[in-house]
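A short write-up of the structure that comes next.
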Amino acid sequence: MAFQTLESESTKSPMAKDDTKLHIVVFPWLAFGHMIPFLELSKLIALKGHRVTFVSTPKNSDCLPKLPPNLSALVTLVKIPLPQVEKLPEYAEATIDLPYDKVKYLKMAYDQLEQPIARLLRDSSPDWVIYDFASYWVGPAAAKLGVSSAFFSITIAATFCFLGPAQGLMGMSGDSRTKPEDFTVPPKWVPFESTVSFRLFEINRIFDDITGDDENIPATYRFGAAIDGCDVVAVRSSCEFEPEWLQLLEEIYQKPVIPVGQLPPMPLDHDSVDNDKESKTIKEWLDKQPKGSVVYVAFGSEAKPSQDELTEIALGLELAGSPFFWALRKKRGLADTEVVELPDGFEERNKGHGIVCTSWAPQLKILSHDSVGGFFTHSGWTSVVEAIQFEKPLILLAFLAGQGLNARVLEEKKMGYSVPRDDRDGSFTRDSVAESLRLVMVEDGGKVYRDKVREVKELFVDRDMQDKYVNGLLDYFKTRKRRAQVAK
């Protein structure tokens, strides 16, 4: 297996080291939950002395975290304007700018970047291009130009094993899953015991993106074609965390699968993290709270609770009694007409006891604070990694995409506890929210979750381990690039 046999530079003898420097183009989907891990991988590649061209749209590029000064000469941000398409608001360049039902128009605009990306690959002649699921057309375009390509999964192997073979995802073989209920059980190709599958309400919420419509290429087709068209699959995971899933994924895809580590964020610069007024205010409030008492609540850039869900979350936080910091999105972009509101009197009743932040919240700074004792999260993998980095136990409430599959993995490993919900419609109560928060953060019955996060921390944030995985990926890139093969 590729992920088992790769010998990294750090384990080679000095005489065997290959000092070839690569040029790699990196092109993520237009969601910050994708752009951030792609950028983290880019920085780790640049730290090894390789050149990275990171491609996105102007607005997204300007909103990305600033690069460390020592990497600015090696990572180039290339801004390609997003073409305008009908029904896509002019200001929208990322999923955070749009309600869920408008994201398909963002994908349509993104597809029109195929020719600009092909020109960039032709003109810059990189050794490799790393791309995302939505840009399924990059692999074949790169192959025509003699450029090697890697599809990069921002989430773990278990999720992609559940999705299955590329040909089935593209509708070209007999995947018998045709209705939502078919996705609520583990698939036939998983040979070991597993609970990794969707709950009915989870698959119902995204089933339109699986089946597609006249305006929308299904996400499953994009995934399948992205996998089918690449030379190698890179996965945000590690052999220490999910060896059985990584091995199965390579068997399913019949092509090399290389884990790149969990990509924990680089350490915070504490001399500069609190130099803006808002960060100072947040830190001052957190400083006043008892150690481990605060629940941090954030559901990512993609998810927005419904009004009923928001009400139950808010009243559940009150019932739990813990101080809280809630990073709340009331709407997704200006085109979102369904603005959600907090219950009457909620903010007044909780003044001083809780903070509701409706602008951007510095998640890493908050999670790193000693007063935070739990993270109430949507199960997005970047958030999971960040929580584990700072040993914060996880209370889970999945909303969209593969978040439910992530939650199953975390539940299996006792790394997180999901708020009990109705399987059919996903509804939950304020009491279940309060009980879940108290269980994970305070009660003896939740000690297993608190202990497990501390136990697995080193699997996620050990820098030597992360370095080993990046070296393994780069060694593969050096020895398997198309241009070297053409030259021979």
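The values are calculated or read from the model by the stated rules, or taken from the named source; none is laboratory data. Keep in mind that this is a model prediction, so the values were computed, not measured. Don't worry about glycine lacking a Cβ; one is built from the backbone with ideal geometry, like all the others, and counts go over all protein chains shown. Accessible surface is based on the protein model in full, side chains and every heavy atom, while ligands, DNA and RNA are left aside. Shrake-Rupley method; radii C 1.70, N 1.55, O 1.52, S 1.80 Å.
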In region 62-150, what percent of the accessible surface is made up of carbon and sulfur (1.4 Å probe, ligands and nucleic acids excluded)? 54 percent
Cα-based Kirkwood hydrodynamic radius, region 37-109, one decimal, Å: 13.6 Å
Semi-axis lengths, Å, region 400-457, gyration tensor of Cα atoms, sqrt of 5 times eigenvalues: 21, 17, 7
Convex hull per residue volume in Å³, alpha carbons only, for region 140-249: 121 Å³
Across 10 Å bins from 0, what is the distribution of all Cα-Cα pair distances for region 347-407, in whole percents? 21, 45, 30, 4
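Please report, as a whole percent, how much of the solvent-accessible surface of region 310-375 comes from carbon and sulfur atoms (probe radius 1.4 Å). Walk me through the intermediate numbers first.
On the way: 1440 of 2830 Å².
With neighbouring chains kept in place, the figure for region 310-375 is 51 percent.
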Enter the mean projected area of the convex hull around the alpha-carbon atoms of region 282-351, in nm², rounded to one decimal. 5.5 nm²
With contacts defined as alpha carbon pairs under 8 Å and 6 or more residues apart, what's the relative contact order of region 340-484 in percent? 19 percent
May I ask for the angle, rounded to the nearest 10°, between helix 219-228 and the longest principal axis of the chain, with both axes built from Cα atoms and the value confined to 0 to 90°? 30 degrees
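Calculate the translational D of region 36-182 in whole µm² s⁻¹ from Stokes-Einstein, where the hydrodynamic radius comes from the Kirkwood formula applied to all Cα pairs, the temperature is 20 °C and the viscosity 1.002 mPa s. Could you put the intermediate results ahead of the total?
On the way: Rh = 17.4 Å.
Approximately 123 µm²/s, per Stokes-Einstein.
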Computed over the chain: longest principal axis from alpha-carbon atoms vs helix 463-480 long axis, angle to nearest 10 degrees, is 30 degrees
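So how many Å³ per residue does the convex hull of the Cα atoms of region 337-488 work out to?
Roughly 206 Å³ of hull volume per residue.
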If you line up the long axis of helix 32-47 against the longest principal axis of the chain, both from Cα atoms, how many degrees apart are they, to the nearest 10? 50 degrees
Alpha-carbon Rg with Dmax, taken over region 189-300, Å: 21.0, 54
Using packing as a proxy for protection, rank 82-89, 257-264, 474-481, 386-393 so that the peptide with the highest average count of other Cβ atoms within 10 Å comes first. 257-264, 386-393, 474-481, 82-89
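Give, to the nearest whole percent, the P(r) tail of region 184-230 beyond 18 angstrom, counting all Cα pairs.
Cα-Cα pairs in region 184-230 separated by more than 18 Å: 49 percent.
May I ask which of K43/K331; K66/K452; K188/K414 have a Cα-Cα span longer than 30 Å here? Before the final figure, lay out each step's value.
Numbers: K43/K331 32 Å; K66/K452 33 Å; K188/K414 25 Å.
From K43/K331; K66/K452; K188/K414, over 30 Å: K43/K331; K66/K452.
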Counting only heavy atoms of protein chains, what accessible area per residue, in Å², does the chain have with a probe of 1.4 Å? 42 Å²
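Dividing the alpha-carbon Rg of the chain by 2.2 N^0.38 Å yields what?
On the way: Rg = 22.1 Å, N = 488, 2.2 N^0.38 = 23.1 Å.
Taking the Cα Rg and dividing by 2.2 N^0.38 Å, one obtains 0.96.
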